[in-house]
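Structure record follows, encoded as structure tokens.
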Amino acid sequence: MGRRTSTFLLLGVIVLAVALLAVVGLWSRTAAEQQLAARGEGILKLYVGNLAGRLSRFETLPQLLAQMPEVRGVLADQDDPDALTAANEHLAYEAEFTGALDIYVMNADGLTVAASNWQTEYSFVGRNFAFRPYFQEAMAGRIGRYFALGTTSLQRGYYFAGPVMLRGGIAGAVVVKMDPAEIETLWEDVEDRIVVTDPDGVIFISSDPDWLYDALRPLGRAEREQIATSRRYPGVRVTELPITERPSDHGTATVMALPDRGERYLHQSTHMPAAGWTVHILTDLRPVDAQVVKAVSLVALLLALAFAVAAAMRVRLQSLRAGMEAERRTAAALAAKEEAVRRANDQLEQRVRQRTAELEDAHAQLTAEMVERERVQADLRQAQDNLVHASRLAAIGQLAAGVTHELNQPLTAMRAYADNARILLARDRLTEVEQNLGRIGDLIDRVADISGRLKRFASRTRAERTPVRLDDVLRTSVELVEVGSRLPDLAIVNGAAGTDLCVLGERVRLEQVFINLLRNAVEALEDSPLKRVTIGLHVEADTVRVTVADTGPGLTEEGLAHLAEPFFSSKRPGEGIGLGLSISNGIVNDFGGTLTAENRPEGGALFTVRLKRADAAASPSPPPAATVTAAHV
Ligand code: ADP
């Protein structure tokens, strides 16, 4: 619902409520006033009846008294003191008896000749009331009724007058004065205002003494003058009550208000023609106001309650609606979230699919690459094999150059043995000659072996590996190097002498390796003050480590970097061609070992040969090696 609509609705409800309250107010007022009017009418009737009864009590009294001899007597002889006394006493008695205020007898001139109050200070006797209308009425032979304030007694009274007939004429009048206060005392406890007005509308009997001699309606000038000349209210200033009056909905009743005093009355009246007065009852309307206020308040309260209930219901409805809306929104949000999750899942699945496809592609590519690589590797291996073969052929060339180098050792040794044999022969030391010849024979075998090896090397067969006694290899190598050396103070310390260890390899080729290492070491010692070569032996699990250390200058940096490369040599041309270490490295590698070089911290080079250890039992028993020492040279 729009804000405007609800505002209009609210306005409509308020207008309706106000209208309803107005109707309720009007209705309750009418009802209450009606009730009051009915009640007022009843009371008024009651009071009128009561008043009429009271008046009738005195109405006939003058005529009765006019027959009394005392009354007649005093009028017949107005100078007879006895008659006067009798009349006075009788009137006093009658007044006492009837409850009248005063009873008196007037002569034809209006002079009071006898009165019930003859003994009081305000005695009427001797006073003339000829101006009173009741006297004039009586003198005209009728019953006079009149209300007035007594000129002598200054007491209110209702006068009844009747003629006294004497000798066929009207000799005077008997007057009975009634006290209206008597009536008022009866009204003292009455809630409503009850007033009686004279023909001029002036109040002369009132349940509230304050209202006495006030006019109940506006007076005209003529009326005022007439009131003044009538001397009805001597010494009293008649004022008009500040009244506004309007007709009501209830018969003859009117609503009379005294705005100055804040008083409102329901005004009902009945005229009493015989008495010439009007009886009014004024019912206070303020209780009606209170009643109306009460009724309106009650309805307003009920309306407010209904409104509150409606508002509460509306609020509840709104909150219910809001709750439903919130639930709907939550459900929508949930659905949106589910949708988002579903979409994310879809995306994820798609990505997984994509990724899988990519991976499969990559895998296929990789497989292809692997196949290609294997093919390339196979090609490479083929190329390598070809290269190895080619390099072996090249090495033959190198070796051809190195044959001199290789053969130099045995040749030098043979030369030495031959020279020695000749000298020994000259000295006739035949046994030693034979020994030397034996050695020469061995060396010839060796040369033959070297040439055979060259043959094998050219072929592509792999080196044979058999267990070789390390002690044999090292001893022969040391011997040959020592024999070939020209250094007088050279010391080769074979720390492995006498070992039982066997390694996998080939004896002559292993000797070739160690001869190479030892000879290099010896050559490096040429300028060194201490000329010592030390062979060390260490066993590590299935590996045998043989070290060759010297006290020479050690390896240069360049030497360390290029040692195993063929044709690297620091020696003068003719002294070395740089193949020794390269060949040795190849041999050791062929036997599954390694050859490494380093410089010792204390100076000198250290070469390490690592070979596979072989079971000693499997080694063939070595031929008894000849001991060749430098001393033989
Ligand atoms: P060559 O002995 O014919 O020069 P090698 O291959 O046997 O060829 O040696 C290469 C080089 O390594 C030598 O020229 C030398 O400079 C160096 N070298 C080898 N052994 C030693 C050593 N024990 N002390 C110092 N230098 C060495």
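The values are calculated or read from the model by the stated rules, or taken from the named source; none is laboratory data. Just so we're clear, the structure is a prediction, and the values are computed from it rather than from any experiment. Cβ sites come from the backbone with ideal geometry, for glycine too, and all protein chains shown count toward neighbours. Remember, those area values only see protein heavy atoms, side chains included, never the ligands or the DNA or RNA. Shrake-Rupley method; radii C 1.70, N 1.55, O 1.52, S 1.80 Å.
Of the numbered conditions (1) assigned to a loop (DSSP other than H, G, I, E, B); (2) surrounded by 21 or more Cβ atoms within 10 Å (Cβ to Cβ); (3) at pLDDT below 90, Ile583 satisfies every one except a single condition; which is it?
Single failed check for Ile583: (1).
Of the residues in the range 587-629, how many are modelled with pLDDT under 85 and not in a loop (DSSP other than H, G, I, E, B)? Reasoning before the result, please.
Taking the range 587-629 and keeping what is modelled with pLDDT under 85, we get 615-629.
If we keep only those that are not in a loop (DSSP other than H, G, I, E, B) as well, we get 616-618.
Number of matching residues: 3.
In the range 382-422, what residues are open to solvent by less than 80 Å² (accessible area, probe 1.4 Å) and modelled with pLDDT of 80 or more? Give the derivation first.
Within the range 382-422, the subset open to solvent by less than 80 Å² (accessible area, probe 1.4 Å) is 383, 385-386, 388-392, 394-403, 405-407, 409-410, 412-414, 416-421.
Answer for the range 382-422, where residues must be open to solvent by less than 80 Å² (accessible area, probe 1.4 Å) and modelled with pLDDT of 80 or more: Thr412, Ala413, Met414, Ala416, Tyr417, Ala418, Asp419, Asn420, Ala421.
Only residues that are of a type in the set (Val, Ile, Thr) and either buried (at least 24 other Cβ atoms within 10 Å of the Cβ) or in a strand (DSSP E or B) (or both): list them for the range 152-203, please.
Scanning the range 152-203 gives Val164, Ile170, Val174, Val175, Val176, Ile194, Val195, Val196, Thr197, Val202, Ile203.
Scan the range 545-563 for residues that are open to solvent by 20 Å² or more (accessible area, probe 1.4 Å) and within 8 Å of the ligand (Cβ to nearest atom) and jot them down.
Let us first name the residues in the range 545-563 that are open to solvent by 20 Å² or more (accessible area, probe 1.4 Å), namely 545, 551, 553-558, 560-563.
Passing the criteria: Pro553, Gly554, Leu555, Thr556, Leu563.
Only residues in the range 543-567 that are of a type in the set (Phe, Trp, Tyr) count as the first member; pair them with residues that are more than 9 Å from the ligand (Cβ to nearest atom), Cβ under 9 angstrom, at least 6 apart or cross-chain, and list the lot.
Pairs that qualify, where the first residue is of a type in the set (Phe, Trp, Tyr) and the partner is more than 9 Å from the ligand (Cβ to nearest atom), are Phe567/Gln398.
Quick check: anything in the range 568-580 modelled with pLDDT under 90, near the ligand (Cβ under 9 Å from one of its atoms), surrounded by fewer than 18 Cβ atoms within 10 Å (Cβ to Cβ) and among the charged types (D, E, K, R)?
Within the range 568-580, one or more residues are modelled with pLDDT under 90, near the ligand (Cβ under 9 Å from one of its atoms), surrounded by fewer than 18 Cβ atoms within 10 Å (Cβ to Cβ) and among the charged types (D, E, K, R).
Residues in the range 490-516 that are free of Cβ contacts under 8 Å to residues at least 60 places away in the same chain and within 13 Å of the ligand (Cβ to nearest atom): how many?
Initially, the range 490-516 is screened for residues free of Cβ contacts under 8 Å to residues at least 60 places away in the same chain, giving 491-499, 507, 511.
Now restrict to residues that are within 13 Å of the ligand (Cβ to nearest atom): 492.
Residues that pass the stated criteria total 1.
Can you say whether Leu474 is farther than 19 Å from Gln409 by Cβ and either surrounded by 22 or more Cβ atoms within 10 Å (Cβ to Cβ) or away from the ligand (no atom under 16 Å from the Cβ) (or both), as far as the supplied structure shows?
Numbers: farther than 19 Å from Gln409 by Cβ: no; either surrounded by 22 or more Cβ atoms within 10 Å (Cβ to Cβ) or away from the ligand (no atom under 16 Å from the Cβ) (or both): yes.
Taking the combined requirement at face value, the residue does not satisfy it.
Here is a check on your reading of the model: is Asp542 at pLDDT 90 or above, over 60 Å from the mean Cα position of the chain (by Cα) and near the ligand (Cβ under 8 Å from one of its atoms)?
Details: at pLDDT 90 or above: yes; over 60 Å from the mean Cα position of the chain (by Cα): yes; near the ligand (Cβ under 8 Å from one of its atoms): no.
So Asp542 does not fit the description; no.
Residues that are at pLDDT below 90 and within 49 Å of the chain's Cα centre (by Cα): find the strands (runs of 3 or more DSSP E) completely inside the range 228-341 holding 2 or more of those. First the steps, then the outcome.
On the way: elements: 244-247, 254-258, 263-272, 277-284.
Ranges flagged: none.
The conditions are (1) at pLDDT below 90; (2) surrounded by fewer than 21 Cβ atoms within 10 Å (Cβ to Cβ), and Gln512 fails exactly one of them. Which is it?
Failed condition: (2).
Can you work out which of the residues in the range 517-539 that are within 12 Å of the ligand (Cβ to nearest atom), part of a loop (DSSP other than H, G, I, E, B) and open to solvent by 40 Å² or more (accessible area, probe 1.4 Å) is farthest from Asn494 (Cα to Cα)?
Applying the filter and picking the extreme gives Asp527.
Mind telling me which of the residues Gly168, Gly150, Gly126 ends up being among the small types (Gly, Ala, Ser) and within 16 Å of Pro234 (Cβ to Cβ)?
Numbers: Gly168 fails: within 16 Å of Pro234 (Cβ to Cβ); Gly126 fails: within 16 Å of Pro234 (Cβ to Cβ).
Exactly one of Gly168, Gly150, Gly126 is among the small types (Gly, Ala, Ser) and within 16 Å of Pro234 (Cβ to Cβ), namely Gly150.
So, restricting to helices (runs of 4 or more DSSP H) that lie completely within the range 1-109, which ones have at least 1 residues that are open to solvent by 30 Å² or more (accessible area, probe 1.4 Å) and acidic (Asp, Glu)? Write out each step before concluding.
Numbers: elements: 3-59, 61-66, 69-76, 81-98.
So the answer is 3-59, 69-76, 81-98.
Among (1) surrounded by fewer than 16 Cβ atoms within 10 Å (Cβ to Cβ); (2) in contact with a strand residue (DSSP E or B) (Cβ under 9 Å, 6 or more places away or on another chain); (3) of a type outside the set (Phe, Trp, Tyr), which single condition is Ala275 missing?
Result: Ala275 passes all but (1).
Of all residues being assigned to a loop (DSSP other than H, G, I, E, B) and touching a helix residue (DSSP H, G or I) at 6+ places or on another chain (Cβ under 6 Å) in the range 110-128, which is nearest to Pro180 (Cα to Cα)? Just the residue, please. Before you say what the answer is, go through the steps one by one.
First, the residues of the range 110-128 that are assigned to a loop (DSSP other than H, G, I, E, B): 110, 116-127.
Cutting the leftovers down to touching a helix residue (DSSP H, G or I) at 6+ places or on another chain (Cβ under 6 Å) gives us 110, 116, 118.
Working: Gly110: 24, Ser116: 18, Trp118: 22 Å.
Among those residues, the one meeting the criterion is Ser116.
Test each condition in (1) out of contact with any helix residue (DSSP H, G or I) (no Cβ under 8 Å at 6 or more places or on another chain); (2) of a type outside the set (Ser, Thr, Tyr); (3) open to solvent by 50 Å² or more (accessible area, probe 1.4 Å) for Phe307 and report the one that comes out false.
The single condition Phe307 does not satisfy is (1).
This table checks each residue for (1) farther than 30 Å from Arg193 by Cβ; (2) free of Cβ contacts under 8 Å to residues at least 40 places away in the same chain.
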{"residue": "Ile281", "(1), (2)": "no, no"}
{"residue": "Ser297", "(1), (2)": "no, yes"}
{"residue": "Ala304", "(1), (2)": "yes, yes"}
{"residue": "Arg314", "(1), (2)": "yes, yes"}
{"residue": "Leu317", "(1), (2)": "yes, yes"}
{"residue": "Ala322", "(1), (2)": "yes, yes"}
{"residue": "Glu327", "(1), (2)": "yes, yes"}
{"residue": "Ala331", "(1), (2)": "yes, yes"}
{"residue": "Ala357", "(1), (2)": "yes, yes"}
